[in-house]
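Reading through the structure tokens given below for one structure.
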Amino acid sequence: MAKAASSLVFPIIFLVMFALVEQNMGCMAVLGSCGVITDCSGTCKTKFGQDASGDCDRDGGVVTCVCGYSCPSPHKLHM
């Protein structure tokens, strides 16, 4: 019986950690080329609010503007 209970400890810890990380990750959006968007950080703040941050991502040779911002709460969304 003790062995069965201990085999459930790690999956439960993993699920709890995953749930906590998912809540704090935030959202990301790709706005377009940094050649077209001259101020990536300013554009992200305008589009997603003052808590947003933006940076030009040079991954793979293509330079794109990537924004990080707080995800809207599902309780605040109204249609």
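Any read-out appearing in this document is the output of simple, stated calculations on the displayed coordinates, not a laboratory observation. Note that this is a predicted model, so its numbers are computed, not measured. When we count neighbours, we look across all protein chains shown, and the Cβ atoms used for this are built from the backbone with ideal geometry, even at glycine.
Set the Förster radius R0 to 22 Å, insert the Cβ-Cβ distance between residue 39 and residue 62 as r into 1/(1 + (r/R0)^6), and round the FRET efficiency to 0.05. That gives a FRET efficiency of 0.75. Distant-in-sequence amide contacts of residue 33, defined by a placed amide H-H separation under 5 Å and a gap of 5 or more residues or a different chain, comprise 65.
In terms of the mean number of neighbouring beta-carbon atoms within 10 Å, the peptides 28-35, 56-63, 43-50 order highest first as 43-50, 28-35, 56-63.
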